[in-house]
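To start, the structure under review is shown below, and the notes come after it.
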Amino acid sequence: MNRPRILHIFSRYGEVGGEEVCFNAFTGTLNSIADITPFVYSTSELLHSPHGKWTKMRYMLHNRDVEKKLRQCLHERDYDAWIIHNTFPAMSPCVYELALQQAVPIIHYMHNYRAGCLNGVFHRGDSPCFSCNQGNYLPGVLHRCWRGSATASMLAAAALSKTRRMEVWNRLSRYIAVSRRQKELLVQSGIPEDRLKVIPHYIRESPLPVPTQSRRDVLYTGRLTREKGVLQLLQAWKTLSPENRTLYVMGDGPLRRELENYIAAHRLRSVCLTGFVPHEKQGSIRSSCGLSVAPSLWEETFGMVVLESWLHASPIVVSPCGGLPELVTHGQNGWIAEEPSPDGLAKALNTAFTEEERWPVMGMHGQSLLSTRYSSSAWLQSISEVFKELSILH
């Protein structure tokens, strides 16, 4: 049987994030059933190009460099399907223009809410925001939602409006959501429900042995941004003031200075901001943490942090936002806070502390899901079904 040839497209952001990790994992897994050609461009590639400032800004609407490279790729080889993960901001809508000209299935993996939100997270300040959900991005421009800049927000709005005018969000063959909640919100943004399929993410590593030593500390890992709820987590930690425990906040981002000031002002000596720690150097911190926490305020599309916590045999406390509560079974492999607030997090953390003796067993329950529901084989089976529906696989 001939293996299908698939063009796998991703535009990298300025920093490595969860979308890029998933793209790389998918590329490796898909190679078992298809010939995959990764087509990757990056924001830094555009920023460091020899073009002038105004040309770079225009390239957000139509990146001629990307168009040229993509046309060359299509000239060198015929493809049986495309999978697009992200084109914003550097690749521009020119990718969709070329995709819509092809007589092959086009699948779009939806990692965020960019179709209806300039910043892609349906969150502004300290509150959920759906003002741009129907495609009118003026509120996002007025509030400078992308990069805190009016100019940048206008460029983002122009690029997303162009994508809307091309009817990208209802002309492609399939759209992949990663949680039921994300699918619900994408439908509200105008994506046809009958073309949306939910396929959860997975984690490639094998579950690690359950540590025998006592692990009393707590871990947050992720970007330090307002919508991630890190400040609310510190407020909850201040309320509890747990003895003989350390809260490790592992990551970096624009909220770091505010968090440092809060920690200093309230003398939270049991909170440690580690900054960004490479994956291969996280062992010493994770070895002391028997519990993780995901305090997000925004509609998390999935929550890879949950799978990473289970990988290390740790249960996790999550907020009730987005796809997070779809992953966790309350009291079996973690706890779901009643509300995404300092009080709600404090209550859930306190429950977890009183049930500390159950942490190893709960972590093992999570690990069992990594071997079944959230495994690469389960993901491959689901994506293969999509390929068969579109006659990519026979």
Revision key, fill the gap. Rounded to the nearest 10 degrees, the helix 342-354 long axis (Cα) sits at an angle to the longest Cα principal axis of the chain of 60 degrees
Exercise for review: Would you indicate which of (i) 17.3; (ii) 19.4; (iii) 20.8 is the value of mean projected area of the Cα convex hull in nm² derived from the coordinates of this structure?
Suggested key: (ii)
Exercise for review: Using label points projected 7 Å from each Cα along Cα→Cβ, tell me how many nm separate Ser149 and His394, to one decimal.
Suggested key: 5.0 nm
Exercise for review: Grab the DSSP H runs of the chain that are 4 residues or longer, score each as -39,500 (n - 2.57), total them, divide by all residues and round the 222 nm result to the nearest 500 deg cm²/dmol.
Suggested key: -11000 deg cm²/dmol
Review point. With every protein chain in place, what's the accessible area of Cys321 (1.4 Å probe, Å², nearest 10)?
Key: 20 Å²
Practice item. Output the antiparallel fraction of DSSP beta bridges having both residues in the chain, as a percent to the nearest 5. Key: 5 percent
Practice item. Give me the number: length gained by fully extending Met57 to Thr329, i.e. 0.36 nm times residue separation minus the C-alpha to C-alpha distance, one decimal in nm. Key: 93.3 nm
Check your understanding: Averaged per residue, what accessible surface does the chain expose to a 1.4 Å probe, in Å²?
Key -> 44 Å²
Check your understanding: If you stretched the chain out fully between Ser284 and Arg269, how much longer would it get, using 0.36 nm times the residue separation minus the C-alpha to C-alpha distance?
Key -> 3.5 nm
**Study point:** Carbon/sulfur fraction of accessible area - the chain, other protein chains in place, 1.4 Å, %
**Key:** 49 percent
Exercise for review: Run the quick spin-label model on Arg204 and Asn31: label points 7 Å from Cα toward the beta carbon, then report their separation in nm to one decimal.
Suggested key: 0.8 nm
Practice item. Using a 1.4 Å probe and counting only protein heavy atoms, arrange Trp82, Trp54 so the residue with the most accessible area comes first. Key: Trp54, Trp82
Study note, to complete from the structure: region 97-255: antiparallel bridges as % of DSSP beta bridges, rounded to 5, reads 15 percent
Study note, to complete from the structure: For the chain, averaging the sequence separation of alpha carbon pairs under 8 Å that lie six or more residues apart and dividing by its residue count, the contact order in percent is 14 percent
Check your understanding: What do you reckon, how do Arg216, Arg58 stack up by accessible area (1.4 Å probe), largest on top?
Key -> Arg58, Arg216
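The values are calculated or read from the model by the stated rules, or taken from the named source; none is laboratory data. All of these numbers come straight from a predicted model, not from anything done at the bench. When we count neighbours, we look across all protein chains shown, and the Cβ atoms used for this are built from the backbone with ideal geometry, even at glycine. The protein model used for the area step is the full one, side chains on, heavy atoms only, and it has no ligands, DNA or RNA in it. Shrake-Rupley method; radii C 1.70, N 1.55, O 1.52, S 1.80 Å.
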